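Reading through the C-alpha cells given below for one structure.
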Amino acid sequence: MVTRMSKSIENLKEAFAGESQANRRYLAFSQKAEKEGYMQVAKLFRAAAEAETIHALNHLKIGGEIKTTTENLSTAVSGETFEFKEMYPQYVKTARQEENKQASWSFDVASKVEKIHAGFFKKAEEALKKNKDLNDVSYYVCKVCGNTVENAPPETCSICGAPKREFFEVT
C-alpha cells in the first residue's frame, strides 16, 4: 500500500528548507554588512537569522523529522553518504565541464568533509548501539572548507591547506 504524504507535511518540509536557507543567507549577509562597517544592519540580519532558525526547528519538530538519537544518527549517516558518494561527485563533474573552478573547489572540499562527517556519525551510531556515548573529545572546524577534526587542530588543514589558526573549537 502506498501512503501519500499529507500536503501539510509536504509544506512543513518545504518551509523547513526555506527557513534553513534564509538563516544561512542572513548570516552571510550579516558578515558582509559587518565588513562594510554597518554594525546595526549586521545585527538586524543576525536577529532575523535567529528567528528563521526558530521557524525551521518548529517545522522540523511538527513534521516528525526528529526521532531518537540512534534514528537521527542513521539519517545523518545516510544523508552525508549520499552527498559524498552521489551528489557532490556529480556537481564536481558538472562544474569541471563548465570550467567553473570555484564551484568545483567548493563541491570537492564539501564532498571530502561530508565523508568525514559520515564516519563520525557512524562511530556515534555504533557507540549508541552498545548503550554508550562517545568518548569526550573536542571538535575543531576549518573556517575555510569546513573540515572537521577531533582533539586538536592540525598545523595545516588536510583538505584545503589552511593554517591552524583557521580552525575554531566547537563548544
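Over all Cα atoms in segment 1-95, the spread is summed up by Rg and Dmax: 17.3, 58 Å. Taking a ≥ b ≥ c as the square roots of the eigenvalues of the Cα gyration tensor, segment 88-171 is classed as oblate, since a/c reaches at least 1.5 and a/b does not exceed b/c.
With N residues in segment 126-171, what two-decimal value do you get for its Cα radius of gyration over 2.2 N^0.38 Å? Show your work: numbers first, answer last.
Numbers: Rg = 12.7 Å, N = 46, 2.2 N^0.38 = 9.4 Å.
Relative to the 2.2 N^0.38 Å estimate, segment 126-171 comes out at 1.35.
A simple count of charges around residue 135, restricted to other residues whose Cβ falls under 13 Å of its Cβ and scoring Lys, Arg +1 and Asp, Glu -1, yields -1.
Over the chain, all Cα pairs binned in 5 Å intervals from 0 give whole-percent P(r) values of 1, 8, 10, 12, 18, 20, 16, 9, 3, 1, 0, 0, listed from short to long.
Let me know the shape class of segment 7-62, please: from the alpha-carbon gyration tensor, a ≥ b ≥ c as square roots of the eigenvalues, rounded when a/c is under 1.5, otherwise prolate if a/b is greater than b/c, or oblate. Present the calculation step by step, with values, prior to reporting the outcome.
Details: a/c = 4.86, a/b = 3.04, b/c = 1.60.
Note, shape of segment 7-62 comes out prolate.
Each part gets one Cα centre, and for segment 135-171 versus segment 1-57 those centres are 26 Å apart.
Summing +1 for each Lys or Arg and -1 for each Asp or Glu among the other residues whose beta-carbon sits under 12 angstrom from that of residue 28 gives +4.
Run the helix sum for the chain: -39,500 (n - 2.57) per DSSP H stretch of 4+ residues, divided by residue count, reported at 222 nm to the nearest 500 deg cm²/dmol.
Values: 5 runs with 106 residues, N = 171.
Estimated from H runs of four or more residues: -21500 deg cm²/dmol.
Measuring gaps between exposed loop sites in the chain (GluC sites (Glu not before Pro); DSSP loop; at most 15 other Cβ atoms within 10 Å), the longest gap, sites not included, is 100-154.
Counting other beta carbons within 10 Å of each Cβ, put 136, 108 in order, fewest first. Mind dumping the intermediate values first?
Numbers: 136 5, 108 19.
Ascending number of Cβ neighbours within 10 Å: 136, 108.
On alpha carbon coordinates alone, what is the Rg over Rh value for segment 67-134, Rh being the Kirkwood radius? Don't skip to the end; give the middle numbers.
Working: Rg = 14.8 Å, Rh = 12.8 Å.
Ratio of gyration radius to Kirkwood radius for segment 67-134: 1.15.
Which of the trypsin sites (Lys or Arg not before Pro) found in segment 1-47 are in a DSSP loop and have at most 14 neighbouring Cβ atoms, other than their own, within 10 Å? Could the numbers behind the result be given before it?
Numbers: sites: 4, 7, 13, 24, 25, 32, 35, 43, 46; in loops: 4.
Of the trypsin sites (Lys or Arg not before Pro), the ones in loops of segment 1-47 whose Cβ has at most 14 other Cβ atoms within 10 Å are 4.
Throughout, read-outs are computed from the coordinates displayed, never taken from laboratory work. Note that the coordinates shown come from a computational prediction; the quantities given were computed from them, not determined experimentally. All Cβ positions, even for glycine, are placed from backbone atoms using ideal geometry, and neighbour counts span all protein chains on display.
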